[in-house]
Structure formats: structure tokens, C-alpha cells
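Below: one structure, written as C-alpha cells.
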Amino acid sequence: MDFAFATEPGPDRPNEDHVIASATFAVVLDGVTQLPDLDTGCVHDPVWLVRELGICLVESLTREPLVPLDLTLAKAILWLRSRHEGRCDLSNPNSPSSTVAIVRERGNQVDYLVLCDSSVVFEDASGVTVIHDNRTDGLPAYDRHTVARLRNRPGGFWVASTDPAAAAEAVTGSVPLDGLRRMLLCTDGVSRLTEFFGFDWTDVFQLVERSGPRAAIDVVREYEMNSSGLLTRPGRGRVKQHDDATLAVLCS
Ligand SMILES: [Zn+2]
């Protein structure tokens, strides 16, 4: 599989997204932005977290290319723990965390895994399928107390952080490689094209095929500039005007 990708932080901040592609897999990660003055128990930040998790996933995907992706992720989270265990309080519920989207070629199958609000989208003979873990959509609010109470808990939502059990909560599946027409992975900074800006996924695929993944991020920024104050979700309040934006797309 050949992938093209692009990633860009929101203005004036470090990129808490991360993207990795090889001949057989692609990974997109979105580090969860930390609220100011929040005690995380950790000396590291989301930028460190996504890059270290990326390293652990590459090692796990490369060493064991046939194991189910939830086990691959569980092992990567265990290794990630060991990279700051002893220095940081890994029992803190606000320890840095990340969403995860993975696709991996395995024989004539493409396996996918999605944890939290990054997405895998593919098109085959039956049309476009969006793989999305919608448990953050159901959060009663996005304030620090609610997040700390519901993060990596049954009935709440799940992210890659310090608990390998989160991996078993990911949305996983497989699709035949030879039936695959189009596929992309993205963070919610890109899926806001469909969530807020009126695009459907076929529009996004066509945009990327015509002008490349960078152009899709440019379009996101254009719409964001023109929609100040309008990025709201029912019951969830306003989301930030700009977000880190990342996508990796399978080249046809
Ligand atoms: Zn740490």
C-alpha cells in the first residue's frame, strides 16, 4: 500500500498530531490537548506522548505483523508506560493520552482499528464506510471533571494512555484488499469537513485525489477562518476554531 499524507498544527502551537506510514501500515494519532493548570502527574506533554506511542506502535506492528490490532495496540501502550514509569504518576487519570487510527495490510485483508475520535474511511463496492468510535460524542460535557471521571472507564470513553485495557475497547475490523477503492485515516481536525462544513466523504476523497492531502487541510483552514463562533455541537458547546489536522490517504 502506498500512502500520501499531510499534517499541520493549529496556528502558533506545536503539533499534537502524528502520522506514520510504511508499505504495509499507516497510523494517525491525535494527542489530547491538556487544559491549562491541570495536574497530569506526568513530566511529559501530548507531543512527547504521540511520538513515543508512534515508536511503540511501529515496533509492535513491525515485529508482529499478523497479530490482531487490538493486541498490537495493547502491547504498544504497555511499552509506552515503561517509557515514563518511575518518573511519572501513571495512575493519574489526566496522564497524557491520544486517539489512534491504524490500517494494516495482512495478506488479502486490510485490518483497521479506531480508538476515540480519529477516523478510518474506506470505499468498496458497497459504498463509503466510516469507522468512528462515537463514545466521545455522548459525553455530557467536555469539562475537566467529566473527562477525568469518564476517561478509560466502562460507560465512558477510551483513549491510549497508561491502561492497555483501552485497546480492547477500540473499534476493529477487516476489509478485503482487492475490493478496496479508496481509503483514508484522519484526525478530527480533518473530519470537521464533514462534521461542520457540509462535505461528504466522497467530496473529501475527490478533493484529495485532485489536489493531494495538503489541499484538504488548506480547505479546513479556509472554512475555519470563515466560521468563527459557529463550530458548535449540540449539548457539547463550542469546539476550538482551529485544531491540528492530519490525514493519510491510500494512493490509487
Ligand atoms: Zn510522563
note = The condition of being in contact with a helix residue (DSSP H, G or I) (Cβ under 9 Å, 6 or more places away or on another chain), hydrophobic (A, V, I, L, M, F, W, C), in contact (Cβ under 8 Å) with a residue 12 or more places away in the chain and more than 21 Å from ASP188 (Cα to Cα) holds, among LEU73, LEU61, only for LEU61
message = Being charged (D, E, K, R) and modelled with pLDDT under 95 is true for just one of ASP2, ASP39. Which residue is that?
response = ASP39
inquiry  = Taking the criterion of being within 16 Å of the chain's Cα centre (by Cα) and among the aromatic types (Phe, Trp, Tyr), would at least one residue in the stretch 127-147 satisfy it?
reply    = no
ask   = Failed condition for TRP79, given (1) more than 16 Å from the ligand (Cβ to nearest atom); (2) in contact with a helix residue (DSSP H, G or I) (Cβ under 8 Å, 6 or more places away or on another chain); (3) free of Cβ contacts under 8 Å to residues at least 40 places away in the same chain, with all others met?
value = (1)
ask   = Within the stretch 100-115, is even one residue of a type in the set (Gly, Ala, Ser) and within 16 Å of the ligand (Cβ to nearest atom)?
value = no
query = Using beta carbons and a limit of 6 Å, which pairs, at least six apart or on different chains, have the first residue in the stretch 164-180 and among the polar types (S, T, N, Q) and the second one not in a helix (DSSP H, G or I)?
reply = THR172/LEU113; SER174/GLN109; SER174/ASP111
key: The one condition in (1) at pLDDT below 95; (2) in contact with a Leu (Cβ under 8 Å, 6 or more places away or on another chain) that VAL32 fails to fulfil   = (2)
task = State all residues of the stretch 59-76 that are away from the ligand (no atom under 16 Å from the Cβ) and surrounded by 24 or more Cβ atoms within 10 Å (Cβ to Cβ); if no residue qualifies, say none.
result = LEU69, THR72, LEU73
note = Checking LEU90, LEU71, LEU78, LEU115 in turn, the sole residue that is hydrophobic (A, V, I, L, M, F, W, C) and touching a strand residue (DSSP E or B) at 6+ places or on another chain (Cβ under 7 Å) turns out to be LEU115
request  = Name the single residue, out of those in the stretch 185-217 being within 21 Å of VAL32 (Cα to Cα) and of a type in the set (A, V, I, L, M), that is surrounded by the fewest Cβ atoms within 10 Å (Cβ to Cβ).
outcome  = ILE217
ask   = If you go through the stretch 85-99, how many residues are near the ligand (Cβ under 9 Å from one of its atoms) and within 15 Å of GLU52 (Cβ to Cβ)?
value = 6
note = Of those in the stretch 27-58 that are hydrophobic (A, V, I, L, M, F, W, C), surrounded by fewer than 24 Cβ atoms within 10 Å (Cβ to Cβ) and more than 9 Å from the ligand (Cβ to nearest atom), the residue farthest from the chain's Cα centre (by Cα) is LEU38
task = Among the residues of the stretch 145-184, count how many are polar (S, T, N, Q), at pLDDT 95 or above and surrounded by fewer than 22 Cβ atoms within 10 Å (Cβ to Cβ).
result = 2
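The values are calculated or read from the model by the stated rules, or taken from the named source; none is laboratory data. Source: prediction; values computed, not measured. All Cβ positions, even for glycine, are placed from backbone atoms using ideal geometry, and neighbour counts span all protein chains on display.
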